[in-house]
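Report on the structure given below.
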């Protein structure tokens, strides 16, 4: 199962072409993707227009859903944050530690475009989807 971080969904809905949004676009409907409450809130809160909000909400609510919070995940997230701090790493956003911990806990892979997850890969064993930008065949 794959969790797609809000960093990718936001770029996707804004029409930004990245390796991650290309992967997402080609994987929707073909790959088991999960949506979580924290990501749903982060993505939907950014829409200005009602029409775009309703379109995005319809798409996102069609994806299998899991709650990402709760006492156990909160404690694991706090412990992971402390582990990273002891390694000299300060993650900028608590919600990213919670997302990473959720994936580690459930053994899900994460598709993201946010450097805050890199130390979680290195020190906590977070599994991520690695995508590479497409190279223009005309470039050498």
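Tabulated data for the structure shown
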quantity	calculated
Of all residues making up the range 11-55, the number that are in contact (Cβ under 8 Å) with a residue 40 or more places away in the chain, in a helix (DSSP H, G or I) and more than 21 Å from residue 95 (Cα to Cα)	4
Condition check for residue 68: modelled with pLDDT of 95 or more, touching a helix residue (DSSP H, G or I) at 6+ places or on another chain (Cβ under 6 Å) and in a loop (DSSP other than H, G, I, E, B)	yes
Test: residue in the range 65-80 that is on the phi > 0 side of the Ramachandran plot, without any contact (Cβ under 8 Å) to a residue 40 or more places away in the chain and surrounded by fewer than 17 Cβ atoms within 10 Å (Cβ to Cβ)	yes
Residue 87 at pLDDT below 95 and surrounded by fewer than 18 Cβ atoms within 10 Å (Cβ to Cβ)	no
Any hit, the range 86-104, residues being part of a helix (DSSP H, G or I), more than 14 Å from the chain's Cα centre (by Cα) and free of Cβ contacts under 8 Å to residues at least 12 places away in the same chain	yes
Meets criteria (without any contact (Cβ under 8 Å) to a residue 60 or more places away in the chain and farther than 24 Å from residue 11 by Cα) for residue 59	no
Check on residue 113, assigned to a helix (DSSP H, G or I), at pLDDT 95 or above and under 27 Å from residue 14 (Cα atoms)	no
Whichever residue in the range 1-10 is part of a helix (DSSP H, G or I) and either touching a helix residue (DSSP H, G or I) at 6+ places or on another chain (Cβ under 6 Å) or without any contact (Cβ under 8 Å) to a residue 40 or more places away in the chain (or both) and, among such residues, is surrounded by the most Cβ atoms within 10 Å (Cβ to Cβ)	8
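Conditions tested, residue by residue: (1) modelled with pLDDT of 95 or more; (2) within 23 Å of residue 106 (Cβ to Cβ).
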| site | (1), (2) |
| --- | --- |
| 6 | yes, yes |
| 23 | yes, yes |
| 29 | no, yes |
| 32 | yes, yes |
| 38 | yes, yes |
| 47 | yes, no |
| 57 | yes, no |
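The values are calculated or read from the model by the stated rules, or taken from the named source; none is laboratory data. None of the values given here were measured: they were computed from a predicted structure. Every residue, glycine as well, gets a Cβ built from its backbone with ideal geometry; the counts of neighbours run over all protein chains shown.
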